[in-house]
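> Shown below is the structure under consideration.
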Amino acid sequence: MTSTAIRPPHRERRLHDASWDTIRDLFALDRDITHLNTGTVGALPHEVLEVNDRVTREWTGGLQNVYPPGMYTGHRETLARAFGVDQDEMVICHNATEGVARVINGLDLRAGDEVLTTTHECYSVLSNFNLVRNRHGITMRTITPPSGWDVRAEEILDLIEQAITPRTKVLAFSGITLFTGTMMPIRALCELAQRYGLTTVIDGALLPGMLDCDFRAFGADFISCSGSKFQCGPLGTGILYVRNKVFPEHNPLPLPTIWPIISTWYPMAGEPPPRTTTTVESCNIGDYLQSAGSASIARGAALATAAELWDEIGRARIERRVFDLAEHARAALVEAFGRDNIYSPAADPRLRSPLISFHPFRRPEDAWNVKKFMTFVDRLEHEHRIWIRWTEFDVPGSPHQHYAARICTHLFNDHDEIDRAVSVMRDLGREMS
């Protein structure tokens with residue numbers, strides 16, 4: 001009998017009040033592995049794996065249509081409901097990198113226009129803006145956000161506002177920075193951008209599956225997300241939100257021009273309808289972006305299944321769990337390494353996230369030694385079955401790029417394994433110091 005046959009159907013489950021041990025059993029995750037690296041890739045639920053396999057088998061070698069009508073409308077509707085938007089604003093892509101690349105290269109930017117971003121962005125954001133700079137002659141301005149325990153949201157907002165010039169057209173930033181785990185003040189930054197008439201592009205790779213969030217309420221124009229990190233969908237899935245209506249309470253600015261790079265749905269002659277100025281769509285921009293040749297129907301179905309599973313457990317409940325574990329991990333890391341060795345903001349609760357970066361060694365100058373961090377992470381994985389990662393980021397006023405160890409908490413973790421992992425990291429850090 002297969003695991004599908006013995007798993008009760010959705011209607012018989014009560015995951016909204018199930019224990020966290022029961023919920024952990026939903027994941028294809030070995031009990032002897034401590035997975036504290038969801039910021040890189042999540043753990044797949046059994047049900048998501050099964051849907052991916054079943055749908056693949058249904059159309060492989062058969063006569064199923066790999067260009068289905070409606071551009072995967074049902075799966076897009078599932079994801080759109082989960083994040084407070086509509087199907088016409090939702091695209092299933094391959095990953096956050098693809099989504100943000102299609103947005104950046106589809107923006108209506110010309111020589112002399114300026115993009116404002118930070119040095120703490122993912123490489124995919126900075127490299128694609130550099131591509132547009134080389135191609136079209138735009139200007140890139142970057143600011144380096146502060147890091148450390150005592151950073152406050154106002155510092156970040158002030159830094160960014162001071163960097164805006166009359167030529168600035170786009171503000172691009174991470175919802176949560178992958179290097180220091182700073183939860184950027186998303187709504188406040190979007191409101192700042194609106195005051196200056198700027199288009200907002202958010203690298204939201206880490207948002208879905210962690211936060212119970214409403215994309216429209218953020219007030220952003222574009223949010224590109226991973227489907228395989230905190231949302232725990234299969235590798236090769238991403239979630240792209242493209243604002244397609246004007247809700248003045250969230251973002252009163254006109255819809256920015258977006259050229260749907262990589263599209264088989266864009267008109268072969270003439271132009272699409274003009275963009276709407278109201279809460280009613282004038283065209284389905286999601287269809288233009290979704291229709292990009294053949295795609296993995298199975299992965300789209302599996303990603304929608306992961307989203308439905310999260311809705312069944314309860315997104316607000318998951319967010320509380322993730323952040324409760326993060327606070328437990330933060331306290332344990334402070335006890336093991338000291339507050340001054342924590343790079344992630346904590347004094348301002350608005351900037352806390354479940355990604356916590358820290359310095360595990362005694363000597364401050366070891367923060368510049370990438371080989372030491374690579375060895376630290378490698379030994380944790382191979383000697384102790386603990387999976388974290390190292391990160392790299394600029395620090396204001398420092399001539400050196402800094403390196404850090406980074407952990408992430410998610411709903412399948414628990415307090416005991418976090419305590420064990422931090423204890424191992426403390427001992428290994430002392431040994432390597």
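The values are calculated or read from the model by the stated rules, or taken from the named source; none is laboratory data. Note that the coordinates shown come from a computational prediction; the quantities given were computed from them, not determined experimentally. As a convention, Cβ positions derive from the backbone with ideal geometry for all residues, glycine included, and neighbour counts pool all protein chains shown. Ligands, DNA and RNA are excluded from the accessible area calculation, which covers all protein heavy atoms including side chains. Shrake-Rupley method; radii C 1.70, N 1.55, O 1.52, S 1.80 Å.
> Return only the number of the condition from (1) open to solvent by 40 Å² or more (accessible area, probe 1.4 Å); (2) within 24 Å of the chain's Cα centre (by Cα); (3) more than 30 Å from L253 (Cβ to Cβ) that A295 does not satisfy.
If we test A295 against (1) open to solvent by 40 Å² or more (accessible area, probe 1.4 Å); (2) within 24 Å of the chain's Cα centre (by Cα); (3) more than 30 Å from L253 (Cβ to Cβ), just (1) comes out false.
> Quick one: R31 ticks every box in (1) modelled with pLDDT of 95 or more; (2) open to solvent by 30 Å² or more (accessible area, probe 1.4 Å); (3) in a loop (DSSP other than H, G, I, E, B) bar one, so which box is it?
Failed condition: (1).
> Can you name the residue in the stretch 87-103 that is outside any helix (DSSP H, G or I) and of a type in the set (V, I, T) and, of all such residues, is nearest to I261 (Cα to Cα)?
Among them, the one singled out is V91.
> Which residue pairs have Cβ atoms closer than 6 Å, lie 6 or more positions apart in sequence or on different chains, and pair a first residue in the stretch 217-234 that is at pLDDT 95 or above with a second residue that is open to solvent by 10 Å² or more (accessible area, probe 1.4 Å) and hydroxyl-bearing (S, T, Y)?
D221/T199
> Can you tell me which residue is nearest to E319 (Cα to Cα) among those in the stretch 1-27 that are open to solvent by 70 Å² or more (accessible area, probe 1.4 Å), outside any helix (DSSP H, G or I) and at pLDDT below 50?
Taking the candidates together, the pick is T2.
> Just for the stretch 242-273: of the residues that are touching a Leu at 6+ places or on another chain (Cβ under 9 Å) and hydroxyl-bearing (S, T, Y), which one is surrounded by the most Cβ atoms within 10 Å (Cβ to Cβ)?
S263
> Ok, one more. For a quick check of your reading of the model, give me the residue pairs whose first member lies in the stretch 298-314 and is within 16 Å of A43 (Cα to Cα), whose second is assigned to a loop (DSSP other than H, G, I, E, B) and not small (G, A, S), with beta-carbon atoms closer than 6 Å and at least 6 apart or on different chains.
If the second residue must be assigned to a loop (DSSP other than H, G, I, E, B) and not small (G, A, S), the pairs left are R299/P234; R299/T237; A302/P234; L303/T237; A306/Q231; A306/C232.
> Let me spell it out: the conditions are (1) closer than 23 Å to L107 by Cβ; (2) open to solvent by less than 10 Å² (accessible area, probe 1.4 Å); (3) not acidic (D, E), and F230 meets all of them except one. Which number is the exception?
With (1) closer than 23 Å to L107 by Cβ; (2) open to solvent by less than 10 Å² (accessible area, probe 1.4 Å); (3) not acidic (D, E) applied to F230, the lone miss is (1).
> Here are some conditions: (1) open to solvent by 60 Å² or more (accessible area, probe 1.4 Å); (2) among the charged types (D, E, K, R); (3) at pLDDT below 95; (4) closer than 18 Å to Q87 by Cα. D287 meets all but one. Which one does it not meet?
Among (1) open to solvent by 60 Å² or more (accessible area, probe 1.4 Å); (2) among the charged types (D, E, K, R); (3) at pLDDT below 95; (4) closer than 18 Å to Q87 by Cα, D287 violates only (1).
> Which of the helices (runs of 4 or more DSSP H) contained wholly in the stretch 116-207 include at least 3 residues that are open to solvent by less than 20 Å² (accessible area, probe 1.4 Å), in contact with a Ser or Thr (Cβ under 8 Å, 6 or more places away or on another chain) and not polar (S, T, N, Q)?
The helices (runs of 4 or more DSSP H) meeting that bar are 186-195.
> Cβ-Cβ under 7 Å, sequence separation 6+ or interchain: first residue in the stretch 360-379 and open to solvent by less than 50 Å² (accessible area, probe 1.4 Å), partner of a type in the set (S, T, Y). Which pairs?
Close Cβ pairs (under 7 Å, with a partner that is of a type in the set (S, T, Y)) amount to F361/S433; A367/Y403; V370/Y403; F373/Y403.
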